[in-house]
1. Is there a residue in the range 184-193 that is modelled with pLDDT under 95, more than 30 Å from Gly21 (Cβ to Cβ) and either open to solvent by less than 30 Å² (accessible area, probe 1.4 Å) or not hydroxyl-bearing (Ser, Thr, Tyr) (or both)?
2. Name every residue in the range 136-147 that is in contact with an Asp or Glu (Cβ under 8 Å, 6 or more places away or on another chain) and either open to solvent by 30 Å² or more (accessible area, probe 1.4 Å) or part of a loop (DSSP other than H, G, I, E, B) (or both), in order of residue number.
3. If you check Ala64, Ala70, which single one turns out to be crowded, with 22+ Cβ neighbours inside 10 Å, in contact with a Lys or Arg (Cβ under 7 Å, 6 or more places away or on another chain), under 24 Å from Leu130 (Cα atoms) and hydrophobic (A, V, I, L, M, F, W, C)?
4. Would you confirm whether any residue within the range 124-132 is closer than 23 Å to Phe58 by Cα, touching an Asp or Glu at 6+ places or on another chain (Cβ under 9 Å) and free of Cβ contacts under 8 Å to residues at least 60 places away in the same chain?
5. Looking at the range 113-122, which of its residues are closer than 18 Å to Leu184 by Cα and either in a helix (DSSP H, G or I) or open to solvent by less than 50 Å² (accessible area, probe 1.4 Å) (or both)?
6. Scan Gly202, Gly173 and give me the residue that is exposed (fewer than 15 other Cβ atoms within 10 Å of the Cβ), on the phi > 0 side of the Ramachandran plot, small (Gly, Ala, Ser) and free of Cβ contacts under 8 Å to residues at least 12 places away in the same chain.
7. Determine, yes or no, whether Glu67 is of a type outside the set (Ser, Thr, Tyr) and in a helix (DSSP H, G or I).
Amino acid sequence: MSASDEDTLTILKRGKIEVEGEFLWGSNYTFLANVEHEGQTLAAVYKPTRGERPLWDFPASTLALREVAAYLVSQALGWRLVPPTVYRKKGPAGPGSLQLFVEHDPEYHYFNFRTEHQQRLRPTALFDVLINNADRKGSHILIDPDDHIWLIDHGVSFHVEDKLRTVVWDFAGEPLSEELCSDLIHLREKLSINDSRLESSGSQLVSDLSGYISWDEIQALDKRAQRIILANEFPPPNPYRRPYPWPQI
């Protein structure tokens, strides 16, 4: 983690949250906020748990927690795809996730990306398979002013059953690069789950994740990583279920 990321996390964890406005296009209540700590201010996205719409297939009041779990997995992989994200037990509308706001052009998204950006989406495609993302819309992939790719909105991820719905199927059937495969192997090493006893050998990553997703979901994460490594390719869409989100943008 870079020094700037550490500073950002400190501000998000400790700063005073001031809500500036509401994003109106989502299913759940989502707010733009300023977070101030020791003279430094960051723009952030605040998703209070009390504003989550109940879902039949995900446990109630867990979406904000899953946002943090996605950040932790992104960091463990070394991919830096998810903006710094924390869970605040106290906020203007109660507990919820707080994520660094990414400056971007909202009119520039997956469906009109230039080829250079489309070709950089292999980690994105793999990340969605790994966390079992049920809602990767085209507008959830952001390009910041420094040309860095960021991924947002991971509240419906990590289910133990296959829920994968994403717009990014460009690389289905393509072999994994050695680098991506190595990153997945290292992730499994960090999880350190003993398959024979279905337990973890004191893994710090498992300890961190257990505050946000269940043990069954952590095991399922490890199993998905294992399957991807063994197949050594980007998986194709499941022909027996709907593989795309709706709406797609």
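The values are calculated or read from the model by the stated rules, or taken from the named source; none is laboratory data. None of these values were measured; they are calculated from a predicted model. As a convention, Cβ positions derive from the backbone with ideal geometry for all residues, glycine included, and neighbour counts pool all protein chains shown. Note: areas computed on protein heavy atoms with side chains; ligands, DNA, RNA excluded. Shrake-Rupley method; radii C 1.70, N 1.55, O 1.52, S 1.80 Å.
1. Of all residues in the range 184-193, those modelled with pLDDT under 95 come to 192-193.
Keeping just the survivors that are more than 30 Å from Gly21 (Cβ to Cβ) gives 192-193.
Those left that are additionally either open to solvent by less than 30 Å² (accessible area, probe 1.4 Å) or not hydroxyl-bearing (Ser, Thr, Tyr) (or both): 193.
Scanning the range 184-193, I find at least one residue that is modelled with pLDDT under 95, more than 30 Å from Gly21 (Cβ to Cβ) and either open to solvent by less than 30 Å² (accessible area, probe 1.4 Å) or not hydroxyl-bearing (Ser, Thr, Tyr) (or both), so the answer is yes.
2. We begin by selecting, within the range 136-147, every residue in contact with an Asp or Glu (Cβ under 8 Å, 6 or more places away or on another chain); these are 136-137, 140, 143-145.
Matches in the range 136-147: Lys137, Asp144, Pro145.
3. Working: Ala70 fails: in contact with a Lys or Arg (Cβ under 7 Å, 6 or more places away or on another chain).
Result of the check over Ala64, Ala70: Ala64.
4. Of the residues in the range 124-132, the ones closer than 23 Å to Phe58 by Cα are 124-132.
When the remaining residues are screened for being touching an Asp or Glu at 6+ places or on another chain (Cβ under 9 Å), the result is 125-126, 132.
Subsequent filtering for residues that are free of Cβ contacts under 8 Å to residues at least 60 places away in the same chain retains none.
Checked the range 124-132: no residue is closer than 23 Å to Phe58 by Cα, touching an Asp or Glu at 6+ places or on another chain (Cβ under 9 Å) and free of Cβ contacts under 8 Å to residues at least 60 places away in the same chain.
5. Taking the range 113-122 as the starting set, the residues that turn out to be closer than 18 Å to Leu184 by Cα are 120-122.
Result: Leu121, Arg122.
6. Working: Gly173 fails: free of Cβ contacts under 8 Å to residues at least 12 places away in the same chain.
Matching residue, one of Gly202, Gly173: Gly202.
7. Criteria met by Glu67.
Rundown of residues vs (1) part of a loop (DSSP other than H, G, I, E, B); (2) open to solvent by 20 Å² or more (accessible area, probe 1.4 Å); (3) among the aromatic types (Phe, Trp, Tyr), yes/no style:
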position: Phe111; (1), (2), (3): no, yes, yes
position: Thr124; (1), (2), (3): no, no, no
position: Asp128; (1), (2), (3): no, no, no
position: Ala134; (1), (2), (3): yes, no, no
position: His154; (1), (2), (3): yes, no, no
position: Val160; (1), (2), (3): yes, yes, no
position: Ser182; (1), (2), (3): no, yes, no
